[in-house]
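Report on the structure given below.
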Amino acid sequence: MHQSRAGGTKIPPFSLSLFLSSPFFFSQGPCPVTVSSTSTASGLHVCRADYHHPAHAQALVGLLDAYARDVAGGGKPLGDFVKQHVVAELAARPQAFSVLAFDGTQPVGLVNCIEGFSTFACRPLVNVHDVVVLASHRGQRVGEQMLVLVEQLARERGACKLTLEVLQGNRSAITLYGRVGFAGYQLDPAMGQAQFLQKWLS
């Protein structure tokens with residue numbers, strides 16, 4: 001059991017097979033009434049994750065691990081260190097927030113976001129860092145509904161824009177992002193569109 005340094009939340013040991021085969025049960029529904037949330041007639045419920053809610057913590061780890069195992073996420077499971085610490089580390093960062101989607105009591109979608117800062121606008125921006133929808137629920141606009149709530153939360157933070165990165169081969173995700181208003185980043189068209197680069201430090 002992991003003791004979160006950011007509020008004492010205990011995260012049960014994670015099992016992907018148990019996560020995918022068993023629904024979560026909540027005494028007051030999948031999302032506490034105190035968090036931002038939306039519901040649809042189809043039974044889909046979208047809400048801001050509470051990092052200190054044990055079931056939300058387990059849902060976040062399970063969905064992130066499912067994403068990591070998918071070809072779009074690299075095709076490898078999360079390491080044990082990440083599974084045990086990622087929720088506490090997110091909770092320790094006030095610039096981080098997450099959105100969860102539930103079909104009834106089953107967690108089916110996740111978006112992790114990190115607030116940054118635009119020097120040109122002198123305002124916050126929000127980077128959409130992970131977008132996860134279980135294969136069983138793709139094509140049902142789960143991602144779109146999560147991004148609607150992400151935009152609402154970003155606006156509440158005074159953010160000037162949302163940003164994200166997407167692999168060129170992830171055509172369904174690119175279609176989704178275009179549908180909800182994302183476009184390639186450029187300043188002067190003569191200089192072309194921005195590229196996403198990285199350099200590992202460890």
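The values are calculated or read from the model by the stated rules, or taken from the named source; none is laboratory data. None of the values given here were measured: they were computed from a predicted structure. A quick note on method: Cβ atoms are made from the backbone with ideal geometry, for glycine too, and the neighbour counts reach across all protein chains shown.
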For segment 137-149, indicate whether the set of residues that are part of a helix (DSSP H, G or I) and farther than 14 Å from ALA101 by Cβ is non-empty. no
Go through segment 103-134 and give me each residue that's among the basic types (Lys, Arg) and not in a strand (DSSP E or B). none
Among LEU164, LEU197, LEU125, the single one that is aliphatic (A, V, I, L, M), without any contact (Cβ under 8 Å) to a residue 60 or more places away in the chain and out of contact with any strand residue (DSSP E or B) (no Cβ under 6 Å at 6 or more places or on another chain) is LEU197
Test result for PHE97, surrounded by 15 or more Cβ atoms within 10 Å (Cβ to Cβ), assigned to a loop (DSSP other than H, G, I, E, B) and at pLDDT 95 or above: no
Does GLY109 satisfy the criteria of being out of contact with any Cys (no Cβ under 7 Å at 6 or more places or on another chain) and either modelled with pLDDT of 95 or more or crowded, with 21+ Cβ neighbours inside 10 Å (or both)? yes
Options GLY143, GLY158, GLY139, GLY178; residue that is at positive phi and modelled with pLDDT of 95 or more: GLY158
Here are ALA68, ALA49: which of them is modelled with pLDDT of 95 or more and under 16 Å from VAL150 (Cα atoms)? ALA49
Only one of ARG179, ARG157, ARG171 that is of a type in the set (Lys, Arg) and exposed (fewer than 12 other Cβ atoms within 10 Å of the Cβ): ARG171
